[in-house]
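The values are calculated or read from the model by the stated rules, or taken from the named source; none is laboratory data. All values derive from a computational prediction rather than experimental measurement. Cβ placement follows ideal geometry from the backbone for every residue including glycine, while neighbour counts extend to all protein chains displayed. Each accessible area value is taken on the protein alone, full model and side chains, heavy atoms only, with ligands, DNA and RNA left out. Shrake-Rupley method; radii C 1.70, N 1.55, O 1.52, S 1.80 Å.
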Amino acid sequence: LTLNIDLAETILGAASVKPDDLMQGRDISDLYLPSNEKNNYHSTASVKMQPWREDFFYEFQYDHNKLIPSSTALVRKDWKYIRWTEYNHEQLFHLTDDPLELNDLINDPDAQSKLEEMKKRHADLKQALHDENYLDDPCFSKK
């Protein structure tokens with residue numbers, strides 16, 4: 001899976017500029033450039049050194065009085081687990097069978113092992129990536 005956060009690292013690599021260590025993206029040139037055309041700044045793209053991501057965590061924090069409530073999610077090519085933080089509500093979708101996310105499988109007995117797997121990976125990534133100071137930004141302050 002490639003993400004919008006990969007774009008900056010890809011552009012920096014093409015410009016021979018080393019990306020900042022805090023950047024979470026990955027140079028995607030490994031997907032389209034032969035290895036002999038890469039420079040020293042394309043090192044984050046080596047699939048041989050690090051396989052491409054198979055899932056990603058996202059965190060959307062927003063004031064509940066606005067249009068979209070806060071959520072976190074784990075997304076894979078074929079599954080999506082969403083946690084609506086302010087409502088203590090979870091959803092699970094099988095994206096291959098349900099790309100529009102209309103059939104929530106959270107209570108489906110046949111999906112419980114997948115749910116537990118997704119919840120564990122979600123928790124692991126949240127702990128590794130979550131920034132407790134994220135909501136300290138003035139644009140998120142409660143009025």
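Any residue that is within 23 Å of Leu7 (Cβ to Cβ), surrounded by 14 or more Cβ atoms within 10 Å (Cβ to Cβ), among the hydrophobic types (A, V, I, L, M, F, W, C) and at pLDDT 85 or above - is there at least one of those in the range 77-89? Working first, answer last.
To start, the set of residues in the range 77-89 that are within 23 Å of Leu7 (Cβ to Cβ) comprises 77, 80.
Subset that is surrounded by 14 or more Cβ atoms within 10 Å (Cβ to Cβ): 80.
Now restrict to residues that are among the hydrophobic types (A, V, I, L, M, F, W, C): none.
Within the range 77-89 (the criterion being within 23 Å of Leu7 (Cβ to Cβ), surrounded by 14 or more Cβ atoms within 10 Å (Cβ to Cβ), among the hydrophobic types (A, V, I, L, M, F, W, C) and at pLDDT 85 or above), the answer is no, since none of the residues qualifies.
Would you point out which residue out of Leu105, Leu125 is modelled with pLDDT of 70 or more, aliphatic (A, V, I, L, M), open to solvent by less than 30 Å² (accessible area, probe 1.4 Å) and closer than 30 Å to Val17 by Cβ? Let's see the steps before the verdict.
Numbers: Leu105 fails: closer than 30 Å to Val17 by Cβ.
Exactly one residue qualifies, and that residue is Leu125.
All but one of (1) within 19 Å of Ala128 (Cα to Cα); (2) open to solvent by 90 Å² or more (accessible area, probe 1.4 Å); (3) modelled with pLDDT of 80 or more; (4) in a loop (DSSP other than H, G, I, E, B) hold for Lys18; which doesn't?
Only one criterion in (1) within 19 Å of Ala128 (Cα to Cα); (2) open to solvent by 90 Å² or more (accessible area, probe 1.4 Å); (3) modelled with pLDDT of 80 or more; (4) in a loop (DSSP other than H, G, I, E, B) is unmet by Lys18, namely (1).
Check the range 44-57 and report whether any residue there is modelled with pLDDT under 85, small (Gly, Ala, Ser) and open to solvent by 40 Å² or more (accessible area, probe 1.4 Å). Outline the logic, then answer.
Step one: of the range 44-57, the residues modelled with pLDDT under 85 are 44-53.
With small (Gly, Ala, Ser) added as a condition, the list becomes 45-46.
When the remaining residues are screened for being open to solvent by 40 Å² or more (accessible area, probe 1.4 Å), the result is none.
No, there is no match, as no residue in the range 44-57 is modelled with pLDDT under 85, small (Gly, Ala, Ser) and open to solvent by 40 Å² or more (accessible area, probe 1.4 Å).
Which number in (1) over 30 Å from Lys114 (Cα atoms); (2) modelled with pLDDT of 80 or more marks the one condition that Thr2 misses?
With (1) over 30 Å from Lys114 (Cα atoms); (2) modelled with pLDDT of 80 or more applied to Thr2, the lone miss is (1).
Looking at (1) closer than 25 Å to Leu1 by Cα; (2) open to solvent by 60 Å² or more (accessible area, probe 1.4 Å); (3) among the hydroxyl-bearing types (Ser, Thr, Tyr); (4) modelled with pLDDT under 95, which is the only condition Thr72 fails?
For Thr72, the exception is condition (2).
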